[in-house]
Amino acid sequence: MQRRNGVYGLAVALGLMLITGCSESDATAGKAAAHPGEETYNRFCFSCLASGVAGAPKLGDKAAWAPRIAKGQALLLQSTLRGVPPGMPAMGLCTSCTAEDLETVVDYMVQQSR
Ligand code: HEM
């Protein structure tokens, strides 16, 4: 009797592990890993690039970004570092960002707008 309970308990535990294990992996599998540039975008660029303030190309607007992406990410980075007067401030107002940080954000914006 005791042995049967043990086997029964093990079967239940295994069943639960399969069910919970599966559901967790399904949940995480669906969520793409956050792009390393996303957080900086949300902190510094979002305010203008989400709504297209002052003619800024809206994130995800393929038509607005296509001619910019065609210039290449190196040129987009230069625009970000220097700014594009009158509307785009130098460094995108992220004065603590390194050129590498901004390169990563530009990559995120291009990925989202292609
Ligand atoms: C770190 C944050 C930011 C990044 C990475 C960023 C990046 C960019 C990039 C790559 C472009 C396209 C440049 C080109 O086509 O050569 C752009 C354009 C623009 N951005 Fe930003 N931006 C940021 C923050 C901002 C902020 C805060 C504002 C508003 C105060 C802004 C306003 C604009 C405007 C108006 C344009 C269009 C410029 C034009 O073509 O005349 N951006 N931005």
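For the stretch 36-113, carbon and sulfur atoms together expose 57% of the accessible surface, with a 1.4 angstrom probe and every protein chain in place. A 1.4 Å probe run over the stretch 59-114, with the rest of the protein chains in place, finds 59 Å² accessible per residue. Would you mind counting up the charge near residue 52? Only other residues with Cβ under 14 Å from its Cβ, with Lys and Arg at +1 and Asp and Glu at -1. Computed value for this residue: +2.
The values are calculated or read from the model by the stated rules, or taken from the named source; none is laboratory data. Just so it is clear, the structure is predicted and the values come from calculations on it, not from any experiment. FYI the Cβ positions are ideal-geometry reconstructions off the backbone, even for glycines, and counts take in every protein chain you see. Quick note on the areas: whole protein, heavy atoms, side chains included, nothing else; ligands and nucleic acids left out. Shrake-Rupley method; radii C 1.70, N 1.55, O 1.52, S 1.80 Å.
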